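Heads up, the thing below is written out as structure tokens.
The values are calculated or read from the model by the stated rules, or taken from the named source; none is laboratory data. All of these numbers come straight from a predicted model, not from anything done at the bench. Methodologically, a virtual Cβ is constructed for each residue, glycine included, from the backbone with ideal geometry; neighbour enumeration extends over all protein chains shown.
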Amino acid sequence: MGNNRTLSRLRVAAVVAAGGTGTRMNAGIPKQFLEIAGRPILCHTVERLAELEQVREIVVALPPEHIARAEALVGARARCVAGGASRQDSVLNAVRALPAEIDVILVHDAVRPLCPGDVMLRVLETAWTKGAAIPGLPATDTIGRVSRRGRLLQTPPRAELYAIQTPQGFHAALLRRALEAADAEGFQGTDESSVVRRAGHAVWVVPGSPDNLKITRPLDLELAARLMGKETGNMNATQVRIGQGIDYHRLAAGRRLVLGGVEIPFERGLEGHSDADVLLHAVCDALLGAAAMGDIGRLFPDTDPAWRGRASLHFLEEVARRLAAAGWRALNVDATLVLERPKIAPHAPRMRRNIAAALGLDEGAVSVKATTSEGMNAEGRGEGVSAQAVALIARTPAPVKEKDHEP
């Protein structure tokens, strides 16, 4: 399908599919607007495509309500058009907006901000010479077909399995015809290559890159920031901090024993202004220490009657709010109680659930354990309980600020 025209003379357009809602990110904004290294993902993705010298035009397809925000971010580097009900509809709208003289169209995910230039060039060259090309990585795990009820149905040969990436490249006329035909016939493919294959055209796979990460979950965001930090030499692109908290309380008659937000039957409780939950106090101090935001004694002083008898879970929830307001979020907590009695193991699962819920974490990110001091010191003599906690926090993506637009 190709001719002898050199790659440098090709007229290439890039379509960016940016219709994702980011529900798995739990971020409150579409994931293409989340930030990596201080800038929205969409900006990084558009800039990567613009670095390819053959790219003459970039069109971003996204929901109409987000067009103004996207236009403010990408400026003159790209045009924004309204997407459709599906990714395929959005790509078709963008393709229809391209000029007729375009030779090759690259279709790229908005949330793949790290695609290496050599991958793009491989896709472009193969698409021009053979009509259609996609980047892919050989599967490293065994892949199984599984029924909806969970039964393994088939294990395809791993040598035939690839993880498909973007950008996907096609002769412009070929992609237009395939998308228009699919639209007319009501066919919805999983990606552009499936639509082109359905139209009877071969699609060729070229080597992709592990760095060509698709941002889908919060961990992907952190990994992308680290990869970007490697590229720029800025290893602090993702800022992570560790904090430590230690607290002690005496055991006293006539008090409830509350640990990790769980009331435990015992003949004595912990002495203090609030419910004296030594475990949660240590966790609070670990989080506050990591963010350099003081300690609970400063935030909830025992001289303030407002905190008398208060549940320390309220303190932990307030600490989480203050962290979020300062741009931090907890990643995990590891806490240890030191006491002779009572036994903590039966209550530890509920303590973990309480801490996880207060911090918005999965239970698996919270550890609660206990040890004794073998009869030594105040804990060993049964005079009190101490707790130690370590917390890991990270910078949250900064919200995208709306810009004023001329009427």
(request) Would you point out the residue of the range 49-65, among those that are surrounded by 21 or more Cβ atoms within 10 Å (Cβ to Cβ) and under 23 Å from the mean Cα position of the chain (by Cα), that is farthest from Gly19 (Cα to Cα)? (result) Leu49
(message) Residue under question is Ala370, and the condition is that it be out of contact with any Asp or Glu (no Cβ under 9 Å at 6 or more places or on another chain), in a strand (DSSP E or B) and at pLDDT 90 or above; does it hold?
(response) yes
(request) Determine which member of the set Ala290, Ala276 is among the hydrophobic types (A, V, I, L, M, F, W, C), buried (at least 22 other Cβ atoms within 10 Å of the Cβ), assigned by TED's automatic domain parsing to the domain that holds Glu317 and over 14 Å from Tyr248 (Cα atoms). (result) Ala290
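I'd like to verify a number: residues in the range 135-157 that are farther than 19 Å from Val203 by Cβ and exposed (fewer than 13 other Cβ atoms within 10 Å of the Cβ), how many?
16
I want to confirm something. Restricting to the range 156-185 and keeping residues that are part of a loop (DSSP other than H, G, I, E, B) and either touching a His at 6+ places or on another chain (Cβ under 6 Å) or modelled with pLDDT of 95 or more (or both), which single residue is nearest to Arg56 (Cα to Cα)?
Narrowing the range 156-185 to residues part of a loop (DSSP other than H, G, I, E, B): 156-157, 161, 165-167.
Next, from what is left, pick out any that are either touching a His at 6+ places or on another chain (Cβ under 6 Å) or modelled with pLDDT of 95 or more (or both): 165-167.
Working: Gln165: 22, Thr166: 18, Pro167: 16 Å.
Top of the filtered list is Pro167.
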(request) Kindly list, by first and then second residue, each pair from a residue in the range 193-211 that is polar (S, T, N, Q) to a residue that is part of a strand (DSSP E or B), limited to pairs with Cβ atoms under 6 Å and residues at least 6 apart or on different chains. (result) Ser193/Ile134; Ser193/Gln168
(message) Filter the range 185-209 down to the residues that are of a type outside the set (Val, Ile, Thr) and under 10 Å from Ile134 (Cα atoms) and list them by number.
(response) Glu192, Ser193, Trp204, Pro207, Gly208
(request) Within the range 212-226, count every residue that is more than 8 Å from the chain's Cα centre (by Cα) and of a type in the set (Asp, Glu). (result) 0
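Residue-wise test of (1) within 18 Å of Leu179 (Cβ to Cβ); (2) in contact with a helix residue (DSSP H, G or I) (Cβ under 8 Å, 6 or more places away or on another chain); (3) not assigned by TED's automatic domain parsing to the domain that holds Thr216.
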residue	(1), (2), (3)
Val12	yes, yes, no
Ala17	yes, yes, no
Arg39	no, no, no
Leu49	no, yes, no
Val55	no, yes, no
Glu71	no, no, no
Ala78	no, yes, no
Val81	yes, yes, no
Arg87	yes, no, no
(message) Which count do you get for residues in the range 100-127 that are within 17 Å of Glu180 (Cβ to Cβ) and modelled with pLDDT under 95?
(response) 1
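Going by the structure shown, is Ala335 touching an Asp or Glu at 6+ places or on another chain (Cβ under 6 Å) and either at pLDDT 85 or above or not assigned by TED's automatic domain parsing to the domain that holds Leu42 (or both)?
On the way: touching an Asp or Glu at 6+ places or on another chain (Cβ under 6 Å): no; either at pLDDT 85 or above or not assigned by TED's automatic domain parsing to the domain that holds Leu42 (or both): yes.
In short, no.
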(request) Name, by its number, the condition in (1) more than 30 Å from Gly131 (Cβ to Cβ); (2) outside any loop (DSSP other than H, G, I, E, B) that does not hold for Arg256. (result) (2)
(request) Sort out which residues of the range 308-339 are surrounded by fewer than 22 Cβ atoms within 10 Å (Cβ to Cβ) and touching a Gly at 6+ places or on another chain (Cβ under 8 Å), and write them in order of number. (result) Ala311, Leu313, Ala320, Arg329
(message) Can you go through Ala132, Ala78, Ala94, Ala110 and tell me which one is under 15 Å from Asn212 (Cα atoms), touching a residue at least 24 places away in the same chain (Cβ under 8 Å) and crowded, with 17+ Cβ neighbours inside 10 Å?
(response) Ala110
(message) Among (1) of a type in the set (D, E, K, R); (2) exposed (fewer than 15 other Cβ atoms within 10 Å of the Cβ); (3) over 15 Å from Thr140 (Cβ atoms), there is one condition Asp183 misses while meeting the rest; what is its number?
(response) (2)
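Could you tell me which residue of the range 199-220 is surrounded by the fewest Cβ atoms within 10 Å (Cβ to Cβ), considering only residues that are of a type outside the set (S, T, N, Q) and farther than 30 Å from Ala181 by Cα?
Restricting attention to the range 199-220, the residues satisfying the condition of being of a type outside the set (S, T, N, Q) are 199-208, 210-211, 213-215, 217-220.
Narrowing the set further to residues that are farther than 30 Å from Ala181 by Cα leaves 210-211, 213, 215, 217-220.
Numbers: Pro210: 12, Asp211: 16, Leu213: 18, Ile215: 26, Arg217: 14, Pro218: 19, Leu219: 10, Asp220: 16.
The selected residue is Leu219.
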